[in-house]
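The structure under discussion appears below in the form of structure tokens.
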Amino acid sequence: MKYKTLKGLQDILPAEISVWHHIENRARGIFRNYGYQEIRLPILESTDVFIRSIGETSDIVEKEMYTFQDKGGRSVTLRPEGTASFVRAYVEHHLYNEPAPQKFYYMGPMFRYERPQAFRYRQFYQIGAEAMGIDDTKIDAEIIAMLSNILGSIGLTGLNFEVTSIGCKKCRPDYRTALKSFLGSRLDKFCGDCQRRYDANPLRILDCKVPSCIESRKGSPPVLDHLCGECREHFESLISHLELLEVPHTVNPNLVRGLDYYTKTAFEVSSKNLGSQSAVAAGGRYDSMVDEFGGPPTPGIGFAIGMERIIPLIKDSVGVTAGPDLFFCPLGAAAAEKAFLLTEQLRTEGLWVETNYDGTSLRSQMRKANRISAGNVIVIGDEELKNNKIILKNMTTREETSSALEAKELLNLIIRK
Ligand code: HAM
């Protein structure tokens with residue numbers, strides 16, 4: 001075999017697609033109830049869109065972006081996540097002029113050049129949501145409740161919702177000083193990247209995946225202990241609203257996000273059944289990003305669910321797609337012509353119908369009908385053609401019903417069943 005999918009990418013074959021549809025349909029239904037509208041964004045953006053928002057010293061920007069020059073010499077990047085693209089579109093199309101909150105969702109592929117492993121891909125799919133224009137924590141609690149409802153309705157159980165606050169521009173200098181004084185005394189124990197980030201952006205050291213760095217930063221002060229008055233109040237209000245909505249959650253003061261744009265609320269949902277890549281969804285508030293993208297100061301909050309992380313958790317409990325409503329087994333050329341015509345007529349009436357094309361024996365055609373899980377089978381031979389009568393066989397109940405060999409009568413018969 002000459003060609004294969006690239007490392008970290010995967011084909012999603014028809015046999016797996018019913019799980020994808022199940023998740024997407026459930027999510028769409030719940031987004032509707034909460035007033036979220038779909039937005040479809042390009043997969044390719046100017047590289048700057050991501051550098052500015054995700055942060056120059058983040059792992060994503062430093063190591064994981066698929067960046068290249070297009071034929072016009074522009075630096076473009078395959079989106080590593082949806083929020084930056086979304087905010088670009090939100091500002092470009094002045095969506096902030098609509099009454100707040102403006103609520104959006106998207107589904108689609110993201111690209112990160114990470115080391116592939118179980119549940120970690122270089123192309124992966126996210127379902128994301130963003131709520132704009134409101135800084136009241138009711139919207140924070142509401143979006144976390146919506147996420148919990150989506151994951152619950154998909155059939156996920158045993159999830160852990162962790163929440164924290166990572167402060168704002170006002171509290172960050174104080175926290176930065178506290179963190180630098182903790183890390184400074186042991187900087188030689190950290191990797192080269194972390195040592196470089198110590199001055200540029202020490203908060204990123206908390207997100208480094210190198211085992212010795214994870215070990216060395218144990219005991220570092222949590223941001224939660226260094227919040228300004230406004231952020232503390234915001235966090236307390238978030239917790240009381242989560243309690244009001246009865247969203248189960250735990251406060252994790254050490255929760256770190258890999259993207260720089262977050263302010264105040266940050267959260268992550270994890271499953272203990274996924275090993276080291278345990279985050280099935282994550283998100284948070286980003287109150288400065290619209291402003292930084294040239295729009296009016298507008299708060300925002302959102303999340304993204306990782307499809308490849310939730311599919312393994314539910315795929316055994318989602319039923320497979322049923323087969324065609326009807327399968328014709330024609331015997332001989334004249335029967336095949338008739339079956340061909342009826343197939344087309346019944347399809348335009350809304351049934352899923354298949355016929356056999358290759359003149360094989362009845363036995364092998366019946367085997368095929370079983371293989372594709374056909375709901376009903378009709379055999380057409382010379383006798384049936386002559387009398388214009390057939391037997392419709394229900395493949396589940398084995399019940400047999402006779403009918404004229406006409407689209408209208410067959411349609412009524414199959415729809416009634
Ligand atoms: P994120 O935490 O980078 O956040 O990604 C969200 C989710 O995408 C993760 O929890 C995980 O389930 C999935 N994911 C991330 N990387 C991979 C990968 N390499 N392979 C498979 N799944 C992966 C964001 O992307 C933010 N844009 C979320 C957000 C929306 N924040 C505010 N609004």
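Bear in mind that the values in this text are calculations on the coordinates, not laboratory data. Just so we're clear, the structure is a prediction, and the values are computed from it rather than from any experiment. A quick note on method: Cβ atoms are made from the backbone with ideal geometry, for glycine too, and the neighbour counts reach across all protein chains shown.
To the nearest 0.05, what FRET efficiency results for T67 and T401 with a Förster distance of 60 Å applied to their C-beta separation? Show your work: numbers first, answer last.
On the way: r = 63 Å, r/R0 = 1.04.
In this case the efficiency is close to 0.45.
The residue among W20, G8, I39 whose Cα reaches farthest toward the positive pole of the charge dipole of segment 1-55, with charges on the beta-carbon of Lys, Arg, Asp and Glu, is G8.
Applying a DSSP loop filter and a limit of 12 other Cβ atoms within 10 Å to the trypsin sites (Lys or Arg not before Pro) in segment 136-178 leaves K169. Dipole magnitude for the chain: about 1160 debye, using +1 per Lys or Arg Cβ and -1 per Asp or Glu Cβ, origin at the Cα centre.
Compute, for segment 326-416, the length of the dipole vector about the Cα centre, with Cβ point charges of +1 (Lys, Arg) and -1 (Asp, Glu) only. Units Debye, rounded to 20. Spell out each step's value before the answer.
Working: 12 positive and 12 negative charges, 65 e Å.
So the dipole magnitude of segment 326-416 works out to roughly 320 debye.
With contributions of -39500 (n - 2.57) from each DSSP H run of at least four residues, the per-residue ellipticity at 222 nm computed over the chain stands at -11000 deg cm²/dmol. Across all directions, the average flat footprint of the convex hull enclosing the Cα atoms of segment 326-416 is 5.2 nm².
Take every Cα pair under 8 Å in the chain that's 6+ residues apart, average their separations, divide by the length, and report that relative contact order as a whole percent.
Numbers: 694 pairs, mean separation 63.7, N = 417.
Worked out over the chain, it gives 15 percent.
Take every Cα pair under 8 Å whose residues are at least 6 apart in sequence, average their separation, divide by the length of segment 1-81, and the relative contact order is 23 percent. Using the empirical formula 2.2 N^0.38 Å as the baseline, the Cα radius of gyration of segment 101-224 reaches a ratio of 1.33. Close amide H pairs (under 5 Å, H built 1.01 Å from N) link I380 with C329, L331, residues at least 5 positions away or on another chain.
First measure r as the distance between the Cβ atoms of N394 and Y113, then evaluate 1/(1 + (r/R0)^6) with R0 = 51 Å and state the FRET efficiency to the nearest 0.05. Computed FRET efficiency for N394 and Y113: 0.45. Over the chain, the Kirkwood radius and the radius of gyration, each from Cα atoms, give a ratio Rg/Rh of 1.12.
Spin-label model, M1/R32: points 7 Å from Cα along the beta carbon direction are separated by 3.9 nm.
Give me the net charge of V49's neighbourhood, meaning all other residues with Cβ under 10 Å from the Cβ of V49; Lys, Arg count +1, Asp, Glu -1. All intermediate terms of the calculation are to be shown ahead of the outcome.
Numbers: positive: R52, R79, R88; negative: E45, D48.
Once positives and negatives cancel, what remains is +1.
For segment 1-36 and segment 233-274, compute the distance between their C-alpha centroids and round to whole Å. Taking the Cα centre of each part, segment 1-36 and segment 233-274 sit 26 Å apart.
How much length, in nm to one decimal, is gained on full extension between K408 and A200, taken as 0.36 nm per residue of separation minus their Cα-Cα distance?
Working: separation 208, 0.36 × 208 = 74.88 nm, distance 7.36 nm.
Roughly 67.5 nm would be gained on extension.
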